[in-house]
Amino acid sequence: MKLLLLWIPLLFVPAVVHSNVVLTILIFTFILGILAVSFNLIFGFTGQLSLFHAAAFGLSAYATYLSMAHWGISFWLGALVGIVFVTLISIVIGAICFRFKLRELYFAIVTLAFSELARLVILNWNGFTNGSLGINFTLTPTVWVPGRGVIPVAGTLMWYYLSLAAVVLAVVFYTRIVHSWMGRCFASIRLNDELADTLGINVFRYKLISFVAGNIGAAVAGSLYAFYISYIDPNYFSLDQSLAIIAMALLGGREFVAAPIVGALVLTALPHVINVNAEARLLVYGLILILTILLMPRGIVGLAARRRRAA
Amino acid sequence: MLQLVVGQLLNGIIVGTLYAIIALGVTLTFGITGIVNFALGAFMMLGAYVTWYLTDGIGIPYPLAVALAVIFIALFGLVVDQALFRFTRNNLINGLIVSIGLISVIVAVVLMIWTTTPQNMHYVLPGVFRIGGVIVPRMKACVFVVLLLVILFTYGALTRTWAGRAAYAYAQNPEAAALMGVRTNVLQAGVAAYSAALAGLGGALYASLYSITPEIGSGYILKGVEAAILAGIGSVMGSFAGGIIIGVAEGVGSIFLPSAYNDAYGLVFLVLILLLKPAGLFAANR
């Protein structure tokens, strides 16, 4: 919990930095950071390579917007609809995968299959989702600000604080999980799930909890991301998106809850620092994946932590 | 109606053999190196582009271009195996992530050179066969025969030659095989190159039938992995059957359902098989 103090300087960044570009990079870092941190609960802490994360992100974005547009509810209720929807789907998929004891490759492939099925449905259900064209929208979240009443979230500054609050909540949430009895169960499953079973740990239950809790983070990130850029399309589900999530988690480091945010920062800032087109970005993502696995399997934070311990 | 069904059936069988050739590569690499190489789809795409460039760009006759493309992709596969996958042997997740990274590198490079515009090769072998009202383009029949021969050759080589039996022995017990004089490093590199060559051949033949884009690889590797798992990973003729099953399901299915859902059949089969008979369709009941 002492580490939470490290977040305080971020509160004052907008007072010092007035560059919209820097603040925008930080907003994307926070939102995608939630996505990467939640993915890492499933991948880094429980050892299951889920390829459903981008789909949870996209499904929640669609569910949030569509529920708002059709039922006229507020963003916060819409986001809740997104979270509940993703939770239910994750329980079904997780229960199927873990009841049948799918491991490693098979788990990755089956989650990829469900993710592709979700993408196909969104892509082809033209009347409801507008297919491959996606949806541009003008709805915005609203918040209550002391002294100013309920106002829409607009402008870089308000989005900065909203996304910062969300990422801090996510980090606190996942830190609590990882440092609890559940976190120990996740670790034992990651290291040897047969042994964990023999020791009386309910492997099915804890794998399912990890999968659902991770996907809830993806759902939150999906709602925020969609309303920050005011646009949704089936590319939310693409393999590139899954790739970016894995790259963030690996690059940041798998062993620490908040480390993937560092990966998110590097990958979000990179295209702005060196001005590259979409193809070059794909190339850089691929190279980062390969080189991180081969040369730096513990990620940036893991490497830094080892340096400090050695010094 | 019957004509339509039979026509789609034949179409499905031909597309299915293309899936099968990728599935064969997936199965062989997995059996010998313990890695599922998702980049085989990207190798196939690269093979298609190289073939197209050699024939329509430079003007080399098609059969020679196919041979050159296969050799090129095999060498590429060998280099990648020695430079990257050698360090992730028997670590499935790391190998998977490296291969996913490799896909985006290959796709990005192809996009930079040839852009997203679909490319169509000139007709290599125009004309059709008519079999009782059902029309089969000559080139499709030709592709089917070549792929079938290659799959049979692979099966024969694995069961009848020393190297093939060494590969089987290695897949069953690596240490014992090494003690019997199997040079494991050579075997693994050879299998990696051979799987890449199979994917390259699939791509080279694909180029003569359909338009090529940088995205074709992702669809084919997904079908390839589905076919390999469907039949039970590790079986040569099983991957052939798996590919045909998925191809035919798509072909015949597109008559009754919008073809937009074509990609879903393999996925549904895969999920059902993994849940109901995880050892694969053709595994003996135990």
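What number of residues within region B:96-140 are of a type in the set (Lys, Arg), touching a residue at least 12 places away in the same chain (Cβ under 8 Å) and more than 21 Å from B:Val50 (Cα to Cα)? Break it down stepwise before answering.
Keep residues of region B:96-140 that are of a type in the set (Lys, Arg), which gives B:130, B:138, B:140.
The next check asks that each one be touching a residue at least 12 places away in the same chain (Cβ under 8 Å); those that pass are B:138, B:140.
Going one step further and asking which of them are more than 21 Å from B:Val50 (Cα to Cα), we end up with B:138.
Within region B:96-140, residues that are of a type in the set (Lys, Arg), touching a residue at least 12 places away in the same chain (Cβ under 8 Å) and more than 21 Å from B:Val50 (Cα to Cα) number 1.
Every residue, every condition in (1) surrounded by 18 or more Cβ atoms within 10 Å (Cβ to Cβ); (2) within 14 Å of another protein chain (Cβ to nearest Cβ), yes or no:
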residue	(1), (2)
B:Leu198	yes, no
B:Gly224	yes, yes
B:Ile233	yes, yes
B:Gly242	yes, yes
B:Leu275	no, yes
Any residue that is surrounded by 24 or more Cβ atoms within 10 Å (Cβ to Cβ) and within 14 Å of chain B (Cβ to nearest Cβ) - is there at least one of those in region A:256-278? yes
Considering only residues of region A:129-171 that are surrounded by fewer than 13 Cβ atoms within 10 Å (Cβ to Cβ) and within 30 Å of B:Leu222 (Cβ to Cβ), which is modelled with the highest pLDDT? A:Leu133
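Residues checked against (1) closer than 29 Å to A:Phe43 by Cβ; (2) surrounded by fewer than 24 Cβ atoms within 10 Å (Cβ to Cβ):
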site	(1), (2)
B:Ile21	no, no
B:Phe30	yes, yes
B:Met45	yes, no
B:Ile73	no, no
B:Arg89	yes, yes
B:Gly101	yes, no
Please work out which residue is farthest from the chain's Cα centre (by Cα), limiting yourself to region A:244-255 and to residues that are more than 13 Å from every other protein chain (Cβ to nearest Cβ) and in a loop (DSSP other than H, G, I, E, B). A:Glu255
Could you pull out every one of the helices (runs of 4 or more DSSP H) wholly within region A:61-163 that has 3 or more residues that are within 27 Å of A:Leu11 (Cα to Cα) and within 10 Å of chain B (Cβ to nearest Cβ)? none
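Within region A:231-243, is there a residue that is more than 9 Å from chain B (Cβ to nearest Cβ), part of a loop (DSSP other than H, G, I, E, B) and either closer than 27 Å to A:Leu133 by Cα or not hydroxyl-bearing (Ser, Thr, Tyr) (or both)? Lay out the reasoning, then the answer.
Step one: of region A:231-243, the residues more than 9 Å from chain B (Cβ to nearest Cβ) are A:231-238, A:241.
Then keep just the ones that are part of a loop (DSSP other than H, G, I, E, B); that gives A:233, A:238.
Add one more test, that the residue is either closer than 27 Å to A:Leu133 by Cα or not hydroxyl-bearing (Ser, Thr, Tyr) (or both), and what stays is A:233, A:238.
Within region A:231-243, one or more residues are more than 9 Å from chain B (Cβ to nearest Cβ), part of a loop (DSSP other than H, G, I, E, B) and either closer than 27 Å to A:Leu133 by Cα or not hydroxyl-bearing (Ser, Thr, Tyr) (or both).
Kindly indicate whether any position in region B:132-149 is over 20 Å from the mean Cα position of the chain (by Cα), surrounded by 15 or more Cβ atoms within 10 Å (Cβ to Cβ), within 14 Å of another protein chain (Cβ to nearest Cβ) and not aromatic (Phe, Trp, Tyr).
Looking only at region B:132-149, we keep the residues that are over 20 Å from the mean Cα position of the chain (by Cα), and these are B:132-138.
If we keep only those that are surrounded by 15 or more Cβ atoms within 10 Å (Cβ to Cβ) as well, we get B:134, B:136-137.
Checking which are within 14 Å of another protein chain (Cβ to nearest Cβ) leaves us with none.
Scanning region B:132-149, I find no residue that is over 20 Å from the mean Cα position of the chain (by Cα), surrounded by 15 or more Cβ atoms within 10 Å (Cβ to Cβ), within 14 Å of another protein chain (Cβ to nearest Cβ) and not aromatic (Phe, Trp, Tyr), so the answer is no.
Rundown of residues vs (1) among the basic types (Lys, Arg); (2) part of a helix (DSSP H, G or I), yes/no style:
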{"residue": "B:Thr29", "(1), (2)": "no, yes"}
{"residue": "B:Ile32", "(1), (2)": "no, yes"}
{"residue": "B:Phe38", "(1), (2)": "no, no"}
{"residue": "B:Asp56", "(1), (2)": "no, yes"}
{"residue": "B:Arg86", "(1), (2)": "yes, yes"}
{"residue": "B:Ser99", "(1), (2)": "no, yes"}
{"residue": "B:Leu102", "(1), (2)": "no, yes"}
{"residue": "B:Ile113", "(1), (2)": "no, yes"}
{"residue": "B:Thr117", "(1), (2)": "no, no"}
Among the residues of region A:264-276, write down those that are modelled with pLDDT under 90 and not in a loop (DSSP other than H, G, I, E, B). A:Val266, A:Leu267, A:Thr268, A:Ala269, A:Leu270, A:Pro271, A:His272, A:Val273
crowded, with 24+ Cβ neighbours inside 10 Å and hydrophobic (A, V, I, L, M, F, W, C): is that true of A:Leu4 in this structure? no
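Can you pull out every residue in region A:146-169 that is touching a Ser or Thr at 6+ places or on another chain (Cβ under 7 Å) and within 22 Å of A:Val22 (Cα to Cα)? Step through it out loud before you land on a result.
At the first step, the residues of region A:146-169 found to be touching a Ser or Thr at 6+ places or on another chain (Cβ under 7 Å) are A:150-154, A:156.
A:Val153, A:Ala154, A:Thr156, listed by residue number.
The values are calculated or read from the model by the stated rules, or taken from the named source; none is laboratory data. These figures come from a predicted structure and were not determined experimentally. All Cβ positions, even for glycine, are placed from backbone atoms using ideal geometry, and neighbour counts span all protein chains on display.
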